[in-house]
Amino acid sequence: MKLVLNMSIEDLIAQASKKCEIFANPLRSFIAAFIAIKEEATWSELKDAIEKWAGRINPNTLSFHLGELMSAGFIAKIDIRGQPRYKIVNDKLSELKRLIGEDLLKAVKETA
């Protein structure tokens, strides 16, 4: 649990959840922030990052939250040489940064 400006990732996620319902779930906030800082990520990379931050995650849970973020239009699933990857939808990056906050992005980057 890294601190940025005396706030934990959990505190920063709580702030983001007040701005937009899709980010009310801490996992969705973390997933979106991780993909934003990495520019794109595989399912395995996301799973590893989440487990490093919060402990074991059920694969179905990760898939569910990825689906929610895709349905909300924040992330897209792309296929690069047969390898599915997730990335932030081009026109949503600035909105995402506004909603989840730069401090959360920095905190997640420190854990990655």
- Pairs with Cβ under 9 Å, 6+ apart, first in the range 91-110 and over 12 Å from Ile35 (Cα atoms), second at pLDDT below 90 and charged (D, E, K, R): Arg98/Lys19; Leu99/Lys19; Ile100/Lys19; Gly101/Lys19; Ala107/Lys2; Glu110/Lys2
- Item | Near pairs, Cβ below 8 angstrom, 6+ apart or cross-chain, from the range 33-58 (in contact (Cβ under 8 Å) with a residue 60 or more places away in the chain) to any residue that is among the hydroxyl-bearing types (Ser, Thr, Tyr) | Ala49/Thr111
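Can you tell me which residue is nearest to Arg98 (Cα to Cα) among those in the range 14-68 that are among the charged types (D, E, K, R) and in contact with a strand residue (DSSP E or B) (Cβ under 8 Å, 6 or more places away or on another chain)? Please lay out each step first, then the result.
If we filter the range 14-68 for residues that are among the charged types (D, E, K, R), which is where we start, we get 18-19, 21, 28, 38-40, 45, 47-48, 51-52, 56, 68.
Among the residues that remain, those that are also in contact with a strand residue (DSSP E or B) (Cβ under 8 Å, 6 or more places away or on another chain) are: 39-40.
Details: Glu39: 17, Glu40: 19 Å.
Step by step, filter the range 14-68, then rank; the result is Glu39.
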- Message: Quick check on Lys2: is it under 12 Å from Ile100 (Cβ atoms) and either at pLDDT below 90 or over 14 Å from the mean Cα position of the chain (by Cα) (or both)?
- Response: no
- Query: Within the range 28-52, how many residues turn out to be under 12 Å from the mean Cα position of the chain (by Cα) and either crowded, with 20+ Cβ neighbours inside 10 Å or of a type in the set (Gly, Ala, Ser) (or both)?
  - Reply: 13
- Given the chain, what helices (runs of 4 or more DSSP H) lie entirely inside it while holding 2 or more residues that are of a type in the set (Lys, Arg)? 9-19, 26-38, 43-54, 93-100, 102-111
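Out of all the residues in the range 11-43, which are among the small types (Gly, Ala, Ser) and at pLDDT below 95?
Residues of the range 11-43 that are among the small types (Gly, Ala, Ser), as a first pass: 14, 16-17, 24, 29, 32-33, 36, 41.
Matches in the range 11-43: Ala14, Ala16, Ser17, Ala24, Ser29.
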- May I ask you to list the residues in the range 72-104 that are out of contact with any helix residue (DSSP H, G or I) (no Cβ under 8 Å at 6 or more places or on another chain), surrounded by 10 or more Cβ atoms within 10 Å (Cβ to Cβ) and farther than 23 Å from Gln15 by Cβ? Ile78, Ile80, Gln83, Arg85
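Regarding the range 47-56, can at least one residue be identified that is modelled with pLDDT of 90 or more and touching a Gly at 6+ places or on another chain (Cβ under 9 Å)?
First pass over the range 47-56, keeping only residues modelled with pLDDT of 90 or more: 47-56.
Still in the running and touching a Gly at 6+ places or on another chain (Cβ under 9 Å): none.
No, every residue in the range 47-56 fails to be modelled with pLDDT of 90 or more and touching a Gly at 6+ places or on another chain (Cβ under 9 Å).
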- Item | Restricting the range 23-64 to residues that are in contact with a Lys or Arg (Cβ under 7 Å, 6 or more places away or on another chain) and of a type in the set (Val, Ile, Thr), the residue that is farthest from Ser94 (Cα to Cα) | Ile57
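The values are calculated or read from the model by the stated rules, or taken from the named source; none is laboratory data. Computed from a prediction, not measured in an experiment: that's the story for all the values here. Counting neighbours? That spans all protein chains shown, and the Cβs are built from the backbone with ideal geometry, glycine included.
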